[in-house]
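The values are calculated or read from the model by the stated rules, or taken from the named source; none is laboratory data. None of these values were measured; they are calculated from a predicted model. In this analysis, Cβ positions are derived from the backbone assuming ideal geometry, glycine residues included, and neighbour counts consider all displayed protein chains. Please note that ligands, DNA and RNA were not included when accessible areas were found on the heavy atoms of the full protein model with its side chains. Shrake-Rupley method; radii C 1.70, N 1.55, O 1.52, S 1.80 Å.
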Amino acid sequence: QVQLVESGGGLVQPGGSLRLSCAASGIIFSINAMGWYRQTPGKQRELVAAITEGGSTNYADSVKGRFTISRDNAKNTVYLQMNSLNPEDTAVYFCNLHQYGANYWGKGTLVTVSS
């Protein structure tokens, strides 16, 4: 089994920054992808950013240039640095780990961007 625990969400003013963290534990294989998704009420969960064990990254167009995903393989931890936040970034952010065809999810952390 795999457990994912997110942290770092909260309330931030427009233009501000937050850093999300997600620590994975359990049976973690060396080849995997980790990422962040977000969801708002009434909408589907959408990919924000993902990173492979080798460091290849993928970003949603809406966050390119503002968000940076990184990971520490030794700690099985993925990070999401979010800068220049705007109200449209308000959502519950979910950590994801994908390995050998299986997807695992964290419980989510709420990010609210508001003045």
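Things worth noting here:
- Kirkwood Rh and Cα Rg combined as Rg/Rh, region 12-115: 0.96
- Mean Cα-pair separation over length for region 1-90, i.e. relative contact order, pairs under 8 Å, 6 or more apart, %: 32 percent
- Accessible area of residue 59 (1.4 Å probe, protein heavy atoms only, ligands and nucleic acids ignored): about 50 Å².
- In summary, the lysines within cross-link reach of residue 43, defined as a Cα separation below 20 angstrom excluding same-chain residues under 8 places away, comprise 107.
- Å² of accessible area per residue within the chain, as computed with a 1.4 Å probe and no ligands counted: 54 Å²
- Label-to-label distance for residue 57 and residue 74 is 2.1 nm, based on points extended 7 Å past Cα in the beta-carbon direction.
- Region 1-47: trypsin sites (Lys or Arg not before Pro) falling in loop per DSSP and having at most 12 other Cβ within 10 Å: 43
- Computed from the Cα positions only, the extents of region 33-76 along the three principal axes stand at 37, 21, 12 Å, in decreasing order.
- Relative contact order for region 56-115: 25 percent, from Cα pairs under 8 Å spaced at least 6 residues apart, divided by residue count.
- Loop-located GluC sites (Glu not before Pro) in region 36-95 (DSSP state other than H, G, I, E, B) with a sparse environment of at most 16 neighbouring Cβ atoms within 10 Å: 53.
- Shown in residue order for region 91-97 are the 3J(HN,Hα) couplings computed by the Karplus curve 6.51 cos²θ - 1.76 cosθ + 1.60 at θ = phi - 60°: 4, 8, 9, 10, 8, 9, 10 Hz (x for Gly and Pro).
- Taking the accessible area of the chain, probe 1.4 Å, and keeping the other protein chains in place, the carbon and sulfur fraction comes to 50%.
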